[in-house]
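Presented below is the structure to which this report refers.
The values are calculated or read from the model by the stated rules, or taken from the named source; none is laboratory data. Computed from a prediction, not measured in an experiment: that's the story for all the values here. Positions of Cβ are backbone-derived with ideal geometry, glycine not excepted, and every protein chain shown enters the neighbour counts.
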Amino acid sequence: MLIAQPRKICGQKPTLVSTNQPDTTPAAKPVVSSTGSGPTHVDLSWAYADNDPSPRFDIYVNGQLWHGQVAGLSQRIVFLTPSTNYSFRVRARDSAGNWSELSDPLAVTTPAANASDSQPPTTPPGFTGGVIDGATEAMVFWGDSVDNVTLPEHIRYYLYVNGQFDGATVDPYPHQFSMYLTLGVVNTIEVYAVDEAGNRSVPATMTIDLR
C-alpha cells in the first residue's frame, strides 16, 4: 500500500514522503477436489478465496512436487497407475510472492483398467520431423492414435531415440516432441501409443542421418 504523507521543512514548501507497505499476508489456503478420474489420470480442481490478479499453484502428488507455478484453478494429472491410491495437495502463491499453507490432502484411488482390453492402439499416424536448431536438436510430430477402449486424450505416447527412452507425452493433437540426436550416426526415432490398460502399439519410426 502506498501512503503519501505531507512533511513541512522550515522555510520550504510541504513535500510528500512515500512509504511502501509490502503485502506480507499469506495467500489463501486452496480447497482441492476432483472432477473425475480414469485408470491413468485424475482431474483436479481447487477453490481459492483470495481476490488476486495472478496467483500460481504448486501441485504435490504423494508428497512430491509434480507441477509448479500452475495458472488457473484446475490441472489434469497424468501418467498415473491403475488401481492405485494417490494423495494430492495444492499450495498457492499470490502475486506479492506470499505462499499459502498446503491444502488438506485429497485422497483418490484410480479405477482399474479394463481387464478384457488386450487390443493396442493404432500406430501413431503422420510421423514427420527433422533437425530444427543447430546440428543435433530435432522435433517430431504425429497425429492421434485410435484405441477400442481408451479415449484419444488419455492415450500416452512414449518416444525412443536410438533404442533409449527419451520422454513421454499426452499433449493434445498435434502431438510433438523435441530431442537431441547423435552426430556421426543414423538416428532412429520411434514413438509408441499406449492405452490405459498398458497395451502398446506398433511404433511409428523414422531415421535422421547425421553422418
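May I ask you to list the residues in the range 180-195 that are assigned to a loop (DSSP other than H, G, I, E, B) and closer than 18 Å to D133 by Cα? L181, T182, L183, G184, V185, listed by residue number. Identify all residues within the range 100-119 that are in contact with a Lys or Arg (Cβ under 8 Å, 6 or more places away or on another chain), surrounded by 16 or more Cβ atoms within 10 Å (Cβ to Cβ) and assigned to a loop (DSSP other than H, G, I, E, B); write none if there are none. The answer is S100, L102, S103. Within the range 40-91, count every residue that is β-branched (V, I, T), in a strand (DSSP E or B), farther than 24 Å from T25 by Cα and touching a residue at least 40 places away in the same chain (Cβ under 8 Å). Matching residues across the range 40-91 total 1.
For the residues A138, A193, the requirement of being in contact with a strand residue (DSSP E or B) (Cβ under 9 Å, 6 or more places away or on another chain) and closer than 28 Å to Q75 by Cβ singles out A193. Out of all the residues in the range 142-157, is one or more closer than 30 Å to R211 by Cα, at pLDDT 95 or above, surrounded by 14 or more Cβ atoms within 10 Å (Cβ to Cβ) and under 19 Å from the mean Cα position of the chain (by Cα)? Looking for residues that are closer than 30 Å to R211 by Cα, at pLDDT 95 or above, surrounded by 14 or more Cβ atoms within 10 Å (Cβ to Cβ) and under 19 Å from the mean Cα position of the chain (by Cα), one finds at least one in the range 142-157, hence yes. In this structure, does P172 turn out to be part of a loop (DSSP other than H, G, I, E, B) and out of contact with any helix residue (DSSP H, G or I) (no Cβ under 9 Å at 6 or more places or on another chain)? No: the conditions fail for P172. Just one of the listed residues (G167, G126, G198) is small (G, A, S) and assigned to a strand (DSSP E or B), and it is G167.
Here G97 passes the criteria (1) modelled with pLDDT of 95 or more; (2) surrounded by fewer than 18 Cβ atoms within 10 Å (Cβ to Cβ) except the one numbered (1).
Flag: M179 does not match the condition of being at pLDDT 95 or above and closer than 29 Å to D117 by Cβ. Scanning the range 181-197 for residues that are over 21 Å from the mean Cα position of the chain (by Cα) and either surrounded by 13 or more Cβ atoms within 10 Å (Cβ to Cβ) or closer than 15 Å to H154 by Cβ (or both) yields L181, V185, N187, T188, I189, E190, A197.
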